[in-house]
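The values are calculated or read from the model by the stated rules, or taken from the named source; none is laboratory data. From a predicted model like this one, the values you see are computed outputs, not experimental measurements. Note that each Cβ is placed from the backbone with ideal geometry, even for glycine, and that neighbours are counted across all protein chains shown. For accessibility, only protein heavy atoms count, side chains too; no ligands or nucleic acids. Shrake-Rupley method; radii C 1.70, N 1.55, O 1.52, S 1.80 Å.
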Amino acid sequence: MQIREISVPGYERVVCGTEEAAGYEGIVFVHSTALGPAVGGTRYWSYATKADAITDGLRLARGMTYKNALAGLPCGGGKSIVMRNPDADREQLFRAHGRLVDSLDGKYITAEDVGTSPSDMEFILQETSHVAGLQGHSGDPSPHTARGVFRAMQAAAMFRWGSDDLNGRTVAIQGCGHVGYFLAGELARAGAKLIVTDVDAAKVHRVVDGHGARAVAPEEIDAVAADVFSPCALGGVLNDQTIAKLKTSLVVGAANNQLLEPRHGDLLEQRGILYAPDYAANAGGVINGCCREMLDWEVAPTLAKIDSIYDTLLRIFDLAGREKVPTYLAADRLAEERWKAAKAE
């Protein structure tokens, strides 16, 4: 394993690793350990360039610091990326990643993210103990992330319409992967009408067949008439082009880094669209992993903490209203209160 560090202002460590025999190239990003070890998943993805991967990883790691701080967890923020290599043996690839994670001596704890699964975490476990989301433990975070997004959606509905009942409301879900599928289930049970899309037709069919959703083409989802737009794929989907097309009252989704730039949060505010900040809404998965595996909580109090995302979102909306700032800034202020207090100690 060849390891080298990149110095990035504002980040504690950025560590790159390559292992030619395994076909492995990965990067670990540690934004902050002020509140505890940096926690964040491993993303297995194809990037056009390594620079693109680094840009994405830096944003994701910082977002985890804010997510964990806002959720009240004893964790800092980190993330890691394994560059997609379809020719590599998956076990060897993720065991190599485990060795890179282990080189940080517990400053970073990984788990699942886009493109990875509990079985990948088992491969990582063979090389390091600094991994969560394991089979037989907290497991797949997707149902818990979906539950948190559903509760955030209820909170946004309560704030906007005076009722958190989603029966009869139309929700447009962009992305039918693990989280999108489980979110669709929560919404269907609540009586919501679903419009869905994904670049993978099989994933769309699963939600259509399982939850009675109506499918549209990927390029149509951000312009459909709906009460809620729910981005549950990759980041940067809220931008100049998409925001101009939105025909919705609320934006509440599971994707990380939904705003392409901070100013797009301002643009949503100007359009009168209530935005549930992504890292507040999608914290259910990391809450489950941290509480169950790091804090050894039982299931019931862990689920109650995930459900408390509802109260967190109401606090954000209330602060935004009182201070007359967009909701993304209100969320940042609440997260920074805890994170910066820990840094000052």
Exercise. Scanning the chain for helices, which whole DSSP H stretches are 20 Å or more long along the axis (Cα) and average -1.0 or more by Kyte-Doolittle?
Worked result: 50-70, 142-161, 309-323, 327-344
Problem set entry | Computed magnitude of the charge dipole of the chain (debye, nearest 20; Cβ of K, R +1, Cβ of D, E -1) | 840
Problem set entry | Interchain or long-range residues, amide H under 5 Å from Thr170's placed H | Lys193, Asp227, Val228
Seminar exercise, completed: The rounded separation in angstrom of the Cα centers of region 1-27 and region 168-205 is 36
For this session: Using a cut-off of 12 Å between beta-carbons, work out the net charge of the residues near Met153 (Lys and Arg +1, Asp and Glu -1, Met153 not included).
Result: 0
For this session: Check the chain and count each lysine pair with an alpha-carbon distance under 22 angstrom, considering only pairs eight or more places apart or from different chains.
Result: 14
Problem set entry | Rough spin-label spacing in nm, given labels placed 7 Å along Cα→Cβ, for Arg315 and Lys50 | 4.1
For this session: Evaluate the distance, in nm, between pseudo-label points positioned 7 Å from the Cα of Gln92 and of Asp164 along their respective Cα→Cβ axes.
Result: 5.1
Exercise. How many Å² of accessible area per residue for region 25-75, probe 1.4 Å?
Worked result: 28
For this session: Please get the size of the charge dipole for region 2-57, origin at its Cα centre, with Cβ charges of +1 on Lys and Arg and -1 on Asp and Glu, quoted in debye to the nearest 20.
Result: 120
Exercise. If we restrict to alpha carbons, what Rg and Dmax does region 283-345 come to, in Å?
Worked result: 14.0, 40
For this session: Quick one: net charge around Gly78, please, counting Lys, Arg +1 and Asp, Glu -1 for every other residue with C-beta under 15 Å from its C-beta.
Result: 0
Exercise. Given Ala152, His31, Phe182, which one lies farthest toward the positive end of the charge dipole of the chain, if we put +1 on the Cβ of every Lys and Arg and -1 on the Cβ of every Asp and Glu?
Worked result: Ala152
Exercise. Which residues in region 148-185 have a backbone N closer than 19 Å to a point placed 7 Å from the Cα of Gln135 along the Cα-to-Cβ line?
Worked result: 178
Problem set entry | region 80-87 - phi-based ³J(HN,Hα) in whole Hz, Karplus 6.51/-1.76/1.60, Gly and Pro as x | 9, 10, 10, 5, 4, 9, x, 8
Problem set entry | Highest-first arrangement of 295-302, 96-103, where packing means the average Cβ count within 10 Å | 96-103, 295-302
